[in-house]
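The values are calculated or read from the model by the stated rules, or taken from the named source; none is laboratory data. The structure presented is a predicted model; accordingly, all values stated were derived computationally and were not measured. Note that we place each Cβ from the backbone using ideal geometry, even for glycine, and neighbour counts take in every protein chain shown. Ligands, DNA and RNA are stripped out before the accessible areas are found, and what is left, the full protein with its side chains, is counted by its heavy atoms. Shrake-Rupley method; radii C 1.70, N 1.55, O 1.52, S 1.80 Å.
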Amino acid sequence: MIKATPFDFPYDGRLVPENTALIVIDLQEDFLSTSGYFARQGYDPTPLRAILPTVNRLIAAARAAGLRIIHTRQGYRGDMADMTPYEKWRRKRAGLEGTEILLRSSPGFQIAPEIDVAPQDIVVDKTCNGAFTYTDLELVLRAQGITHLLFSGCTTDVCVHTTLREACDRNFQCLTISDACASGDQQAHEAALHMVTVEDGVFGALSDSSAVIAALLQLSGKAGESG
């Protein structure tokens, strides 16, 4: 089990690698670079970049333990055919009209090169904050027999939290990894983490990377023994 708040994860004590995935949300150049969407909105991407080593350690531990790694990327079609009038209005208001920012045809859409993405990893592209909306994420999870999700990525208060809530409503067992998530707004980050634990874990459990990695190392050892 993983030591967590307000209860250890998973609730029934059965952490099975084949049924568990590490979700790495939107660690893309558009959010992490000094010239991407996030920076152009006036936010400092430094807190987002600071979690990259932690996320890579989690990826390595999860991969060694036999978990699936699922990355998400947010952006619209290059021709913007999937963008509503309201979204186009927001894009213009944000000063992004005429740019390639947050378009799938742009370099900024790609996952940051610092992140360890392996050929066997699953990548889900999305247009909305939640990774379940208008995507095949749920289909992929059900097909893979995945029932337990570990959350990392950016931003804690928007795309991470929206996807977490969607997952909880679909009865996936969810754990948010506090130091593997980040936001440009520290108050929003802390509030989002607190929200996980209210009502005795209404959105699952909350842990940190050291506890998660420790549990995954145990799983890796058991896998080695069984082999």
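Between THR133, THR54, THR72, which is of a type in the set (Ser, Thr, Tyr), assigned to a loop (DSSP other than H, G, I, E, B) and modelled with pLDDT of 95 or more?
Of the residues listed, the single one that is of a type in the set (Ser, Thr, Tyr), assigned to a loop (DSSP other than H, G, I, E, B) and modelled with pLDDT of 95 or more is THR133.
Go through region 184-203 residue by residue and tally those that are surrounded by fewer than 19 Cβ atoms within 10 Å (Cβ to Cβ) and outside any helix (DSSP H, G or I).
Number satisfying all stated conditions: 2.
Just checking, which of LEU206, LEU141, LEU164, LEU219 is aliphatic (A, V, I, L, M), at pLDDT below 95 and crowded, with 19+ Cβ neighbours inside 10 Å? Show your work before the answer.
Working: LEU206 fails: at pLDDT below 95; LEU141 fails: at pLDDT below 95; LEU164 fails: at pLDDT below 95.
Answer to the selection: LEU219.
Could you check PHE31 against (1) assigned to a helix (DSSP H, G or I); (2) hydrophobic (A, V, I, L, M, F, W, C); (3) in contact with a strand residue (DSSP E or B) (Cβ under 8 Å, 6 or more places away or on another chain); (4) surrounded by fewer than 20 Cβ atoms within 10 Å (Cβ to Cβ) and say which number it fails?
Unmet for PHE31, out of (1) assigned to a helix (DSSP H, G or I); (2) hydrophobic (A, V, I, L, M, F, W, C); (3) in contact with a strand residue (DSSP E or B) (Cβ under 8 Å, 6 or more places away or on another chain); (4) surrounded by fewer than 20 Cβ atoms within 10 Å (Cβ to Cβ): (4).
Here is a list of conditions, (1) in contact (Cβ under 8 Å) with a residue 24 or more places away in the chain; (2) within 24 Å of LEU193 (Cβ to Cβ); (3) open to solvent by 50 Å² or more (accessible area, probe 1.4 Å), and THR46 meets all of them except one; can you say which number that is?
The single condition THR46 does not satisfy is (1).
Examine region 104-111 for a residue that is in a helix (DSSP H, G or I) and among the small types (Gly, Ala, Ser), and state whether such a residue exists. Break it down stepwise before answering.
Kept after step one, since they are in a helix (DSSP H, G or I), are these residues of region 104-111: 107-109.
Next, only the ones that are among the small types (Gly, Ala, Ser) stay: 108.
Scanning region 104-111, I find at least one residue that is in a helix (DSSP H, G or I) and among the small types (Gly, Ala, Ser), so the answer is yes.
Please verify whether THR133 is closer than 23 Å to TYR43 by Cα and either open to solvent by less than 30 Å² (accessible area, probe 1.4 Å) or without any contact (Cβ under 8 Å) to a residue 60 or more places away in the chain (or both), treating the condition exactly as stated.
On the way: closer than 23 Å to TYR43 by Cα: no; either open to solvent by less than 30 Å² (accessible area, probe 1.4 Å) or without any contact (Cβ under 8 Å) to a residue 60 or more places away in the chain (or both): yes.
Against the criterion (closer than 23 Å to TYR43 by Cα and either open to solvent by less than 30 Å² (accessible area, probe 1.4 Å) or without any contact (Cβ under 8 Å) to a residue 60 or more places away in the chain (or both)), THR133 does not qualify.
Output the residue which, of all residues in region 18-28 that are of a type outside the set (S, T, N, Q) and within 18 Å of the chain's Cα centre (by Cα), is surrounded by the most Cβ atoms within 10 Å (Cβ to Cβ). Before you say what the answer is, go through the steps one by one.
Restricting attention to region 18-28, the residues satisfying the condition of being of a type outside the set (S, T, N, Q) are 18, 21-27.
Then drop every residue that is not within 18 Å of the chain's Cα centre (by Cα), which leaves 21-27.
Details: ALA21: 23, LEU22: 27, ILE23: 28, VAL24: 27, ILE25: 31, ASP26: 25, LEU27: 25.
Step by step, filter region 18-28, then rank; the result is ILE25.
Examine region 76-92 for a residue that is at pLDDT 95 or above, under 26 Å from GLY184 (Cβ atoms) and open to solvent by less than 10 Å² (accessible area, probe 1.4 Å), and state whether such a residue exists.
no
Residues to consider are CYS159, CYS181; find the one that is buried (at least 18 other Cβ atoms within 10 Å of the Cβ) and part of a helix (DSSP H, G or I). Break it down stepwise before answering.
Numbers: CYS181 fails: part of a helix (DSSP H, G or I).
From the options CYS159, CYS181, the qualifying one is CYS159.
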